[in-house]
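Colleague: Structure incoming, see below.
The values are calculated or read from the model by the stated rules, or taken from the named source; none is laboratory data. Because the structure is predicted, anything quoted here is derived from the model rather than measured. Backbone-built Cβ (ideal geometry, glycine too); neighbour counts: all protein chains shown.
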Amino acid sequence: MKYLEEFSDPELARRLLDSIREVATRPWAIMEVCGGQTHSIIRHGIDQLLPNEIEMIHGPGCPVCVTPLEVIDRALAIAALPDVIFCSFGDMLRVPGSSADLFRIKSAGGDVRVVYSPLDALTLARENPDKQVVFFGIGFETTAPANAMTVYQAKRLGIRNYSLLVSHVLVPPAISAIMESPQCRVQGFLAAGHVCSVMGTGEYPALAEKYRVPIVVTGFEPLDILAGIRRTVMQLENGRHEVENAYPRAVTDEGNTAAIAMLRDVFEVTDRSWRGIGMIPGSGWRLSDKYREFDAEARFDVGGIHTVESTLCRSGEVLQGLIKPHECAAFGKQCTPRNPLGATMVSSEGACAAYYLYRRLELTAASHA
Ligand code: SF4
């Protein structure tokens, strides 16, 4: 296959669905880790086309959603400082902090800028030597190499007015945390293909073995996802728990070795809180000692951060796959993409936003029936 639309071919999708129906003999709960996969599943109605035996549980793989409130509030405080240019990707601007979001800070006079690459922030730092330029570096292993590159270049070029507010999170420790939760119902994982395209698959065999759970590296198009589900169901039905690569056009066992070398140089593993989930040991990256001078958290003293979460929002349960978005009483009522109470309603990868975008009408009709 050469073109993207071929990965949505209805005839091939029907054959894959038939094959899943043939192999599934009992109920299985499979988690897609990545928010991009969640959106594809809901957008294309894949979960509704699957046989009743197969339940898709939406995982925590939305970088915007899991960035802790404390970090959002810190970003807001730094962005409000005079002589700071605060740079971020656009999807972070509407993520609610305790009492505001970056849009509110911008409208109140803060210099908040949307950039399309972290290297744009570095360029701004070079062009504005009298300002402090901060980039909001969030996300999984996928976005980390480009963020690491900015710090590497800032050090190499002597750009001292640049810093990174780091909140990177890692997928394998999250899989461990999900499997060790007493409420865990997950029996198989679709691993995030783009994360593995950077990091390779080397960390997953130990997880599959320890938790006796199949892990199938999966892409994002409908046929990718159906192929990943089919392989996972086949393993479950056969009592196997292996790592399989169903996304070989993008993922190799060793990953992107140049990116991994950059990450190992710039970052070191740290404990990290996930919004709605809590602390997961060893689940994040922070700047290594060699680059610590570029850490925005250390550079700007914004005092103590006191967070206040919405009492209505159940995004923690959504992120752990314990409830579906429409089971939250605020869904589509107090909480919409225009007025989000939680990050899962803001992000383009958030499960609540996906249900609102693609299922709102049918869920509303069902609740009125
Ligand atoms: S619908 Fe809104 S309030 Fe409910 S869990 Fe999702 S983001 Fe939170």
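Colleague: Counting residues that are within 14 Å of the ligand (Cβ to nearest atom), which helices (runs of 4 or more DSSP H) fully inside the range 273-369 reach at least 3?
Modeller: Correct list: 315-319, 351-368.
Colleague: Right, next: Can you run down the residue pairs with Cβ atoms below 9 Å, 6 or more apart or on separate chains, where the first is in the range 267-291 and free of Cβ contacts under 8 Å to residues at least 24 places away in the same chain and assigned by TED's automatic domain parsing to the domain that holds Val151 and the partner is of a type in the set (Phe, Trp, Tyr) and part of a strand (DSSP E or B)?
Modeller: So the pair list comes out as Glu268/Trp285; Thr270/Trp285; Ser288/Phe267.
Colleague: If you don't mind, another one. Does any residue in the range 98-114 that is not assigned by TED's automatic domain parsing to the domain that holds His306 come within less than 9 Å, Cβ to Cβ, of a residue that is surrounded by 15 or more Cβ atoms within 10 Å (Cβ to Cβ) and part of a helix (DSSP H, G or I) six or more places away or on a different chain, and which pairs are these?
Modeller: Cβ pairs passing all conditions: none.
Colleague: On to the next question. For the range 139-157, check the following and say yes or no: at least one residue is in contact (Cβ under 8 Å) with a residue 60 or more places away in the chain and assigned to a strand (DSSP E or B).
Modeller: Yes, the conditions are met somewhere in the range 139-157.
Colleague: Being in the same structural domain as Ile20 (by TED's automatic domain parsing), in contact with a strand residue (DSSP E or B) (Cβ under 9 Å, 6 or more places away or on another chain) and modelled with pLDDT of 95 or more, is that true of even one residue in the range 59-70?
Modeller: No, that holds for no residue.
Colleague: I need the full set of residues from the range 41-84 which are of a type in the set (Gly, Ala, Ser), in a loop (DSSP other than H, G, I, E, B) and more than 23 Å from the chain's Cα centre (by Cα), in order please.
Modeller: Ala80
Colleague: Any residue in the range 116-138 that is part of a loop (DSSP other than H, G, I, E, B), in contact with a helix residue (DSSP H, G or I) (Cβ under 6 Å, 6 or more places away or on another chain), assigned by TED's automatic domain parsing to the domain that holds Pro63 and not hydroxyl-bearing (Ser, Thr, Tyr)?
Modeller: No: the range 116-138 contains no residue that is part of a loop (DSSP other than H, G, I, E, B), in contact with a helix residue (DSSP H, G or I) (Cβ under 6 Å, 6 or more places away or on another chain), assigned by TED's automatic domain parsing to the domain that holds Pro63 and not hydroxyl-bearing (Ser, Thr, Tyr).
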